Amino acid sequence: MQISSSLLENAVNEFARLPGIGKKTALRLVLHLIKQNPEEVQRFSETIDKMKKEIAFCTVCHNISDSAVCNICSNPSRKKETICVVENIRDVIAIESTQQFSGLYHVLGGIISPLDGVGPDQLNIETLVNRVQQGSIHEIIFALSPNIQGDTTIYYIQKKLQPYNVVITTIARGISFGGELEYADELTLGRSLQNRMPVEKYVSH
């Protein structure tokens, strides 16, 4: 792609670093910004800068938040005795969009994947165990992507939670094996949550 301006080229290259954004899309976005009023471009820039500097993660569930405790954990109408364990923040957004779950969440920050160098110590597993240890949790729902890494993570955490009196379930196989949770449609994801099953029937020993 030949670009006559180095300033334009640099901006296109930065936009193209975003996931799913190719050079042509990046160029279209940059040209759109060039046409905008300086005040609008400044507001766009300040919004991104403020988000990066001020955004926080919930100290309870590790979800993204504007404060120390996210609005889900602090919501008195949520069912505090049920925790849905997910891989990342995108999965929280996906499940919330189904409007089928009224409990709390726990974001692991990934799944166990030795080939990628991700072990249990790099995930938010101990904080989940600590939440269960407090004794108010009745059910843990695993809503991890149905693949080998997800199954390995479920099996590991299940073993960690065995000493505690908590029901452990996982979402039903409405999500195809090897698929990504965030790409599941809302109806399938919602039914998977409703038709969850005991985790010992799901993970082979």
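List of remarks:
- 3J(HN,Hα) along region 64-76: 5, 7, 8, 9, 4, 10, 5, 6, 7, 5, 8, 6, x Hz, from the Karplus curve 6.51 cos²θ - 1.76 cosθ + 1.60 with θ = phi - 60°, whole Hz, x for Gly and Pro.
- Restraint check, Lys52/Lys159; Lys53/Lys160; Lys23/Lys50, Cα-Cα greater than 32 Å: Lys52/Lys159; Lys53/Lys160
- Rg to Rh, two decimals, where the chain supplies the alpha carbon set and Rh follows Kirkwood: 1.07
- Cα-based helix-to-principal-axis angle, 6-15 vs the chain, degrees rounded to 10: 10 degrees
- Residues whose amide H comes within less than 5 Å of that of Thr170, counting only those at least five positions distant or on another chain, are Phe142, Met197, Val199 (H built at 1.01 Å from N in the peptide plane).
- Among Ala16, Ala143, Ala94, residue whose mean-square fluctuation peaks in a GNM of the chain (springs only between Cα atoms under 10 Å): Ala16
- Given R0 = 22 Å, the distance between the Cβ atoms of Ser113 and Lys159 translates into a calculated FRET efficiency of 0.80.
- Proxy reagent accessibility, fewest Cβ within 10 Å first, across Glu182, Glu96: Glu96, Glu182
- Each Cα pair under 8 Å and six or more residues apart adds its separation to the average, and for region 98-177 the resulting relative contact order is 31 percent.
- Rounded, prolate or oblate (a/c below 1.5 giving rounded, otherwise prolate when a/b exceeds b/c) for region 6-51 by Cα gyration tensor: oblate
- The chain: most fluctuating residue of Glu54, Glu186, Glu40 per GNM, C-alpha cutoff 10 Å: Glu40
- Taking the chain and dividing mean pair separation by its residue count, relative contact order in percent (alpha carbons under 8 Å, at least six apart): 15 percent
- Around Ser45: net Lys/Arg minus Asp/Glu count, Cβ-Cβ under 13 Å: -1
- Comparing Gly110, Gly150, Gly119 in a Gaussian network model of the chain, where Cα atoms under 10 Å apart are tied by springs, the biggest mean-square fluctuation is seen for Gly119.
- From least to most packed, judged by other beta carbons within 10 angstrom and beginning with the fewest, His62, His106, His138 follow the order His138, His62, His106.
- Folded to 0 to 90 degrees: helix 148-161 orientation relative to the chain principal axis, Cα: 50 degrees
None of the figures in this text is laboratory data; all of them are computed from the coordinates on show. If you're wondering where the values come from, they're calculated on a predicted model, not measured in any experiment. Note: ideal-geometry Cβ built from the backbone for every residue, glycine included; neighbour counts use all protein chains shown.
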